[in-house]
Amino acid sequence: MNIGVFIPNWIGDVVMATPALRALRRRYPEARLLGIMRPYVAEVLAGTPWLDENIFYQPGAENPDLRSRALIARLRRERLDMVLLLTHSLRTALLAWASGARRRVGYVRNARGWLLTDRLYQPRERRRWIPTPVLNDYLRLTYAVGCLPESPRLELATTADDRRAAELAWQRLAIPPGAQVVAFNSGGAYGAAKLWPTEYFSELARRIVRDTPHHVLVLCGPNERSIAREIVRQADHPRVVSLADEPGSIGLSKACVERACLMVTTDSGPRHFAAAFDVPVVTLFGPTHIAWSENHYRHAVHLQRHVPCGPCQQRTCPLKHHRCMQELSVDEVYREVAALLSSPHRSHAA
């Protein structure tokens, strides 16, 4: 049996899809599971055991092998018995239909219901989607194809190369062996509305290194290096460092989170790395509804300032005041950080 799975595009959604992938593998142990994904997604899932092969596509790519026409030809050659759509776009539903798969399972959204053989519906009220965990929605798709109830536990892996990269970064940043590290993730690809002020992160870092023996490591993607450098500059302490001048990769970020004893993060993809590696995490929510990205991790603290205009789900603050994040104080965040650091949950060491 050949099963194609369209993997989500957002990093956090990919991590939240791991229980669904685990459920599929358990239900179909002899099947050939093909992950259909954007190229960068493979690094998120690297080292995990569920997919037999990755098939890459990138709409509009210069490389014709990544375009839709090549993907359709490849999927037809695979003679797929079934396709699960963990994506909601009309484009991916068209690709699934064009693949020739006899069974196409997905949610009815974006006028694509006619392209599906198995149609699932998400709850709505007055034409608006009711916030429900994406993780649960993915699992519901697997239950529709016969999978047994599965734990919502997120799961990732690191490769030997990832772990070596993290060890080299630790050495270059002069983080001593055995040091306890708090990882910061200050970015948010979704938009500026998710960002906590840089000066707040800097003050939080100063509080941590002043009042505890921990180090602070600021993670960053390619577009967040300047923010990471500014956090370190303002904190002005040798135990506050960043990955801004390291050769960055998703694999390195995963390995650094795996080594950390705690993570403080915006509501962005790497937040879910912490849950997947069983690292306690404080997540700072601004414009987004917590329910959408709830991952059911028991060692997580969600902080959100309730304001009359939120959660608005906007990429930038439409009222220009950004109160939902500006009013989330360093004192409030530090109280939760200190409580988790004193918790007996676990102790990571480099």
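Nothing in this text is a laboratory measurement; each read-out follows from the coordinates by a stated rule. Just so it is clear, the model here is predicted, and its values are computed rather than measured. FYI the Cβ positions are ideal-geometry reconstructions off the backbone, even for glycines, and counts take in every protein chain you see.
Taking R0 as 35 Å, what FRET efficiency do you get between residue 94 and residue 233 from their Cβ-Cβ distance, rounded to the nearest 0.05?
Details: r = 48 Å, r/R0 = 1.37.
With a Förster radius of 35 Å, E is 0.15.
Rounded to the nearest 0.05, what FRET efficiency do residue 63 and residue 223 give with R0 = 25 Å and r taken as the Cβ-Cβ distance? Could you check? Please report the intermediate quantities before stating the final value.
Working: r = 22 Å, r/R0 = 0.90.
Efficiency for this residue pair is about 0.65.
Taking N as the number of residues in segment 2-144, what is its alpha-carbon radius of gyration divided by 2.2 N^0.38 Å?
Values: Rg = 14.4 Å, N = 143, 2.2 N^0.38 = 14.5 Å.
Against the compact-globule rule of thumb, the ratio is 1.00.
P(r) of the chain in 10 Å steps, Cα pairs, percent per bin?
Distribution as computed: 5, 24, 31, 24, 13, 3, 0 percent.
Could you calculate the contour length gain from residue 119 to residue 210, that is, 0.36 nm times the residue separation minus the distance between their Cα atoms, to one decimal place in nm?
Details: separation 91, 0.36 × 91 = 32.76 nm, distance 5.49 nm.
Extra length from residue 119 to residue 210 when fully extended: 27.3 nm.
Just order 56-69, 154-167 by mean Cβ neighbour count inside 10 Å, highest at the front, would you?
Details: 56-69: 13.4, 154-167: 17.6.
In descending order of packing, they fall as 154-167, 56-69.
Calculate, in nm to one decimal, what residue 326 and residue 54 gain on full extension: separation in residues at 0.36 nm each, minus their alpha carbon distance. Before the final figure, lay out each step's value.
Details: separation 272, 0.36 × 272 = 97.92 nm, distance 4.15 nm.
The residue 326-residue 54 span can extend by a further 93.8 nm.
Take every Cα pair under 8 Å in the chain that's 6+ residues apart, average their separations, divide by the length, and report that relative contact order as a whole percent. The partial results should precede the final answer.
Values: 688 pairs, mean separation 58.3, N = 350.
Relative contact order, the chain: 17 percent.
What ranking do 250, 7 get, fewest neighbouring Cβ atoms within 10 angstrom at the top? Don't skip to the answer; put the middle values down first.
Values: 250 21, 7 25.
Neighbour counts put them in this order, fewest first: 250, 7.
Binned at 10 Å from 0, what are the whole-percent values of the Cα-Cα distance distribution for segment 194-245, short to long?
Cα pair-distance distribution for segment 194-245, in percent: 29, 57, 14, 0.
Give the Rg (one decimal place) followed by the Dmax (whole number) of segment 160-341, computed from C-alpha coordinates and expressed in Å.
15.4, 48
Taking θ as phi - 60°, what are the ³J(HN,Hα) couplings along segment 243-248 by the Karplus curve (6.51, -1.76, 1.60), each to the nearest whole Hz, with x for Gly and Pro?
8, 4, 10, 9, x, x
Per residue of segment 163-178, in order, report the coupling 6.51 cos²θ - 1.76 cosθ + 1.60 (Karplus, θ = phi - 60°) as ³J(HN,Hα) in whole Hz, putting x for Gly and Pro.
5, 5, 4, 5, 4, 5, 5, 4, 5, 5, 8, 6, 8, x, x, x
Tell me the angle of helix 134-144 to the major Cα principal axis of the chain, expressed in degrees between 0 and 90 and rounded to the nearest ten.
The answer is roughly 30 degrees.
Which FRET efficiency value, to the nearest 0.05, is calculated for residue 127 and residue 168 with the Förster distance at 56 angstrom and r the Cβ-Cβ distance? Before the final figure, lay out the partial values.
On the way: r = 52 Å, r/R0 = 0.93.
With a Förster radius of 56 Å, E is 0.60.
Taking the Cα atoms only, what angle lies between the long axis of helix 18-27 and the longest principal axis of the chain, rounded to 10 degrees?
40
Any chance you could get the radius of gyration and Dmax over the Cα atoms of segment 270-350, in Å?
Taking only Cα atoms of segment 270-350, I get Rg and Dmax of 14.3, 44 Å.
Taking amide H positions as placed in the peptide plane 1.01 Å from N, state which residues far from residue 122 in sequence (5 or more) or on other chains have amide H under 5 Å from it.
Sorted by chain and number, the residues that satisfy this are 108.
Can you tell me the 0 to 90 degree angle between the C-alpha axis of helix 198-211 and the longest principal axis of the chain, rounded to 10?
60
Fewest to most neighbouring Cβ within 10 Å: what's the order for 296, 214?
Ascending number of Cβ neighbours within 10 Å: 296, 214.
Which whole-number percent is the relative contact order of segment 2-144 (Cα, under 8 Å, 6+ apart)? Walk me through the intermediate numbers first.
On the way: 239 pairs, mean separation 34.4, N = 143.
Over segment 2-144, the number comes to 24 percent.
Please order 147, 220 by the number of other Cβ within 10 Å, starting at the fewest.
Working: 147 19, 220 24.
Taking fewest neighbouring Cβ atoms as first place, the list is 147, 220.
Looking only at the chain, where both bridge partners belong to it, what percent of the DSSP beta bridges are antiparallel (to the nearest 5)? Please report the intermediate quantities before stating the final value.
On the way: 2 of 42 bridges.
Counting DSSP beta bridges with both partners in the chain, the antiparallel share is about 5 percent.
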